[in-house]
Amino acid sequence: HEPYVFEGPEELTHTAFVVDETIETIKNHQNQPFFCIAGIYAPHCPINPPARFIEQFDIDAMPLPKRLEAQNCHDVSDQRWREVMAHYLALVSHVDDQVGRLLRALDDFGLRDDTIVIFTSDHGEYLGDHGRVGKGGPEDASSRVPLIVSYPNAVKAGFEHNQLIEHVDLAPTILDWCGVQT
């Protein structure tokens with residue numbers, strides 16, 4: 001978890017590449033039904049966002065990990081944890097920016113209302129909570145993930161569901177919305 005700035009042009013990040021390829025795929029299939037997965041790897045390590053996203057965060061104001069004194073993961077200083085958190089959040093902001101670009105492309109192609117868009121992740125990130133990094137146990141830091149659904153024909157904008165949802169339920173829901181019998 002050594003954070004650093006992505007040195008190349010922003011459009012050369014893996015996230016930008018995935019979004020470019022996804023937009024191209026949608027463009028090539030916009031006149032027919034399509035299914036497309038944009039496998040954005042970030043915010044996994046390396047934690048290397050473009051500089052403009054790091055500049056959005058005050059490193060000194062970053063929260064420290066939730067841990068007991070005995071859980072100071074690898075004797076990392078508080079300032080280093082703040083740097084890791086700022087870079088991680090900057091990488092999340094870069095993902096948000098690129099997903100916004102993908103959604104604008106759907107708008108430009110006139111496909112937004114009839115396209116199911118699901119934004120989710122396979123796991124969370126400890127970022128020092130409980131003296132751990134990466135993914136792992138059942139604590140909120142590792143097990144809570146985003147699940148955002150945009151499908152104007154079936155889901156009311158702004159609707160918030162606070163009950164437990166499992167990813168295993170996504171495939172049957174998608175198939176149902178697409179009229180595929182299971």
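Before moving on, here are some points about what is shown:
- In region 145-166, the qualifying residues are those that are under 19 Å from the mean Cα position of the chain (by Cα) and surrounded by 12 or more Cβ atoms within 10 Å (Cβ to Cβ), and the one that is farthest from Asp78 (Cα to Cα) is Tyr151.
- Filter pass, Val155 being part of a loop (DSSP other than H, G, I, E, B) and touching a Leu at 6+ places or on another chain (Cβ under 8 Å): no
- Test for Val180: is it among the aliphatic types (A, V, I, L, M) and either in contact with a Leu (Cβ under 7 Å, 6 or more places away or on another chain) or closer than 26 Å to Pro63 by Cα (or both): no
- Among the residues making up region 86-101, a single one is of a type in the set (Gly, Ala, Ser) and over 12 Å from the mean Cα position of the chain (by Cα): Ala86.
- Only a single criterion out of (1) over 20 Å from Val145 (Cα atoms); (2) small (Gly, Ala, Ser); (3) at pLDDT 95 or above is not satisfied by Ala70, namely (3).
- Filtered by the rule that a residue be surrounded by 13 or more Cβ atoms within 10 Å (Cβ to Cβ) and assigned to a loop (DSSP other than H, G, I, E, B), region 6-35 gives Thr13, Gln30.
- Some residue of region 24-31 being touching a helix residue (DSSP H, G or I) at 6+ places or on another chain (Cβ under 6 Å) and either closer than 25 Å to Gly134 by Cβ or not acidic (Asp, Glu) (or both): no
The values are calculated or read from the model by the stated rules, or taken from the named source; none is laboratory data. Remember, it's a predicted structure, so these values are computed and weren't measured experimentally. Every residue, glycine among them, receives a Cβ derived from its backbone with ideal geometry; neighbour counts consider all protein chains shown.
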